[in-house]
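Here the structure comes first, spelled out in structure tokens, and everything after it is commentary.
The values are calculated or read from the model by the stated rules, or taken from the named source; none is laboratory data. What you see is a predicted model; the values in this text were computed from it and never measured. All Cβ positions, even for glycine, are placed from backbone atoms using ideal geometry, and neighbour counts span all protein chains on display. Ligands, DNA and RNA are stripped out before the accessible areas are found, and what is left, the full protein with its side chains, is counted by its heavy atoms. Shrake-Rupley method; radii C 1.70, N 1.55, O 1.52, S 1.80 Å.
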Amino acid sequence: MKFRLPYLLSAVALVAFTGHTFAQESPKYDYTEAFKPFFYPQTGTETRSASGQPGHKYWQNSADYQLNVSLNDVSNELTGSAEITYTNNSPDQLSFLWLQLDQNLFSKDSRGNAVIPISGSRNGAKGEVFDGGYKIKSVKYNGKDVKYTVTDTRMQIDLPNDLKANGGVAKLKIEYSFLSPKYGSDRMGVEDTKNGKIFTLAQWYPRMCVYDDVMGWNTLPYLGASEFYLEYGTLSANITVPANHYVVASGELLNEKEVYSKEEISRWNTAKNSEKTVMIHPESELGKNNKSGTKTWKFKIEKARDFAWASSAAFIIDAARINLPSGKKSLAISAYPVESAGEKAWGRSTEYTKASIEHYSQKWFEYPYPAATNVAGNEGGMEYPGIVFCHRNSKGDDLWGVTDHEFGHTWFPMIVGSNERVFAWMDEGFNTFINELSTEAFNKGEYYHKQDIGKMGPFVQSDNFEQVMVGPDNMKERSIGVLAYFKPGLGLGILRENILGPEKFDKAFRTYVHRWAFKHPTPWDFFHTMENVSGEELNWFWRGWFMNKWKVDQAVKAVKPVNGDYKNGAQITVENIGQLPMPTTVLVTFKDGTTQTAKLPVEVWKRNTEWTFQIDSTKEVTNVKLDPQSIVPDINPKNNIWPAK
């Protein structure tokens, strides 16, 4: 999901905004606390190795879906059925099943509505009054009616007999309907355009809750801010819409000859072999399809945890080929209204999509789906397997940014399936980090602006924010942009550039993605992997940056000539004042303008609060500066320089 972050402001504005944050005295550095042992809550198990990889008896359950749905574009009502084949691969027998009914967020008496403040929120339906939530017509288990209980956004189904462990299969069929909100918590909705409504549909069918080896059933309610935790499987959908609509969706279109004209199919075939964007349904043909009745579009996606789709008579559609490292091909597709067209806006959407997918496939893990579709709707930005929704008014660098961000989510959490509801930073933060690298790579840095991280310390480490690990439902809404996106993304950048180095970091991070592709990692699996692959002790960093609100504050304490004469060299004393240590880079400038750099590993802070080292030189020292490249967010940059200014 895209969040309009405060860091889009200038670094100067950020510092000004938080200038009084640290007027109070912060706790001093305690090296025994920073590096104390026993960071990890448990050793390896049969399901999760202490090395950070899945254990030799790792298991996870699966859920396959056959979805049938009809759209009434006048009433905005969806009527459908979900046939679910659920496989219990756990070692436990299950006497009941839990499902998520996310549309119930929009019920008047939902818990999500209850926590929206009077001042408003991006979550919920923005005050729209309508009969929201699921209307459940029937629930069947193995073909027979079964007892079920709905509690807010969850459904519990009591089974007549326990579902067997180690491969037991349950077959559910749920018939339902609901009215779509016009603004669905910035994740779905209905947008009016001059050529008709755009429907962006998500969280539109009952979805299995995850049963795992960490929590058992994961049944936290959907409150709007936190996202999702879902099982993998194969999802097939038959989507019936007005005959003049065009549908784009997760996965592969199975019946193109039934829904497209011969000319449109020819254009698709051209696009599949084209590096440049090819028009499939151009602006000139809008409104010419006046067929009445309905049309059914059929899609299928494999190794996926969700399915979303969009439908409209207003869509311009274009596409181009995506080249993958293995030699396989995928297809970049864009669907948008005429109001969003133009080379300064959505006319470049497919170019952006193609570049984003190709970069991440080369850098981290190959894109697994047959198509990647970008849809212009009323969402700020939202991601699903094979399809994303971005705002119809986005253009230029904003459209690149939101497109790249949402498709970056293919890797986190669509491929690496972490628990977004609890650990938003494991998808939003990771994605924010990889977006920085992809933006630098795109079109020779067309939209890239290097961040001055050194100036961000007072803002990102403000006492006004909670800890990263508290989770999105447990922090102020205004904190989510910083704690789920910016701070963890910035932290990974610091880990890459200042602590491990790009080569070691990239190897470890890539290993994490490959180990946990289409599986369910926890933060500890990530931490273990990064340490085991890099070979470095990092518990001090995880403890300070993610678990606590520790601050970085290093200083130049003293500079003295050896034996009173710089001809004998200089002794420099630096100190670690803040609770969070860091490797320390020291730039020494001499009277003749030459410089020398000293790098101190983080280990100097394992039993010291200050450290003195010697520069071997015969020249007078005129200036000493910490972090000369401004890649460490120090809360007090004034004490980083000698002589003090």
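Couple of notes before you dig in:
- In a residue-by-residue description of region 592-607, the property of being of a type in the set (D, E), over 24 Å from F459 (Cα atoms) and in contact with a Lys or Arg (Cβ under 8 Å, 6 or more places away or on another chain) applies to at least one position.
- The one condition in (1) farther than 19 Å from G224 by Cβ; (2) out of contact with any helix residue (DSSP H, G or I) (no Cβ under 8 Å at 6 or more places or on another chain) that Y367 fails to fulfil: (2)
- Among the conditions (1) touching a residue at least 60 places away in the same chain (Cβ under 8 Å); (2) within 23 Å of G196 (Cβ to Cβ), the only one that H281 does not satisfy is (1).
- When region 108-138 is filtered for residues that are assigned to a loop (DSSP other than H, G, I, E, B) and crowded, with 19+ Cβ neighbours inside 10 Å, the ones remaining, listed by number, are S110, I116, N123, G124, A125, G132, G133, Y134.
- Note on region 92-107: residues that are closer than 17 Å to S177 by Cβ and part of a loop (DSSP other than H, G, I, E, B) total 2.
- Residues in region 493-544 that are outside any helix (DSSP H, G or I), open to solvent by 20 Å² or more (accessible area, probe 1.4 Å), farther than 29 Å from C209 by Cβ and not small (G, A, S): E536, E537.
- Which numbered condition K567 misses (of (1) farther than 28 Å from L492 by Cα; (2) in a loop (DSSP other than H, G, I, E, B); (3) of a type in the set (K, R)): (2)
- When F412 is tested against (1) farther than 22 Å from R348 by Cβ; (2) of a type outside the set (D, E); (3) open to solvent by 10 Å² or more (accessible area, probe 1.4 Å); (4) in contact with a helix residue (DSSP H, G or I) (Cβ under 7 Å, 6 or more places away or on another chain), just one condition goes unmet, and that condition is (3).
- Residues in region 415-457 that are touching a Leu at 6+ places or on another chain (Cβ under 8 Å), open to solvent by less than 10 Å² (accessible area, probe 1.4 Å) and part of a loop (DSSP other than H, G, I, E, B): G417 only.
- Only residues that are more than 26 Å from the chain's Cα centre (by Cα) and hydroxyl-bearing (S, T, Y) were counted across region 299-327, and they come to 1.
- Count of region 256-309 residues which are within 30 Å of P206 (Cα to Cα) and of a type in the set (V, I, T): 4
- Here G196 clears all of (1) more than 19 Å from Y369 (Cα to Cα); (2) surrounded by fewer than 23 Cβ atoms within 10 Å (Cβ to Cβ); (3) in contact with a helix residue (DSSP H, G or I) (Cβ under 9 Å, 6 or more places away or on another chain) except the condition numbered (3).
- Just one of (1) under 23 Å from L230 (Cα atoms); (2) without any contact (Cβ under 8 Å) to a residue 24 or more places away in the chain; (3) among the hydroxyl-bearing types (S, T, Y) fails for S479. It is (1).
- Criterion (modelled with pLDDT of 95 or more and loosely packed, with under 15 Cβ neighbours inside 10 Å) met by exactly one of N563, N576: N563
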